[in-house]
Amino acid sequence: MDSPVQILVASSELENRRALAAILQKEGYETLCASRVSECQEALASDRVNVVFCDRRLTDGSYRDVLAITRASRQMVRVVVTSRLADWDEYLEALHHGAFDLIASPCQPTDVLWALIQARREDHERTAPVAPAKTRAASVGQLMA
């Protein structure tokens, strides 16, 4: 991600939004906040958002609605679901529906930063040029020269 990462924090609970935004801002990330799916839609349409941290449930919908919006935008936006339960079944369900990750809420700084590191790593792997495979003969020839 060469351009600055802009992150959308979506939670119906003000304290969760503030806490997560504070973690991100402390690390130098630009954040936008939303409390409803409709606000997420506006933010995703008007701003360059790379990552969304979204509560499992919002007042007017759920993370699945936010995933649908990101799919429709055809931009590479990662959605990290935040949940009080954060058990294995919920994690698998979120991934099945297209989420990038699921972390426990209230969010811990290490979990938030790990999700961002993984997103950055995936972006780097996706955009890195693929080097042509060397044959054993070519490698031996280079050693002999």
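Some notes on this structure:
- Across the stretch 97-115, the number of residues qualifying as open to solvent by less than 60 Å² (accessible area, probe 1.4 Å) and assigned to a loop (DSSP other than H, G, I, E, B) comes to 6.
- Those residues of the stretch 28-54 which are touching a residue at least 40 places away in the same chain (Cβ under 8 Å) and surrounded by fewer than 13 Cβ atoms within 10 Å (Cβ to Cβ), in sequence order: D47, R48
- Filtering the stretch 18-65 to residues that are charged (D, E, K, R), more than 20 Å from E90 (Cβ to Cβ) and part of a strand (DSSP E or B) leaves only E30.
- Scanning the stretch 1-17 for residues that are within 17 Å of V81 (Cβ to Cβ) and part of a strand (DSSP E or B) gives I7, L8, V9, A10.
- Filtering the stretch 72-87 for residues that are among the basic types (K, R), modelled with pLDDT of 95 or more and closer than 21 Å to I117 by Cα leaves a non-empty set.
- Residue list for the stretch 71-91, restricted to those being open to solvent by 60 Å² or more (accessible area, probe 1.4 Å), more than 21 Å from R121 (Cβ to Cβ) and assigned to a helix (DSSP H, G or I): R71, A72, W88, D89
- Set A94, A68: member being crowded, with 19+ Cβ neighbours inside 10 Å, outside any strand (DSSP E or B) and at pLDDT 95 or above: A94
The values are calculated or read from the model by the stated rules, or taken from the named source; none is laboratory data. What you see is a predicted model, and the numbers here were worked out from it, not measured in a lab. Cβ atoms come from the backbone with ideal geometry, glycine included; neighbour counts cover every protein chain shown. All accessible areas refer to the heavy atoms of the entire protein, side chains included, with ligands and DNA or RNA removed. Shrake-Rupley method; radii C 1.70, N 1.55, O 1.52, S 1.80 Å.
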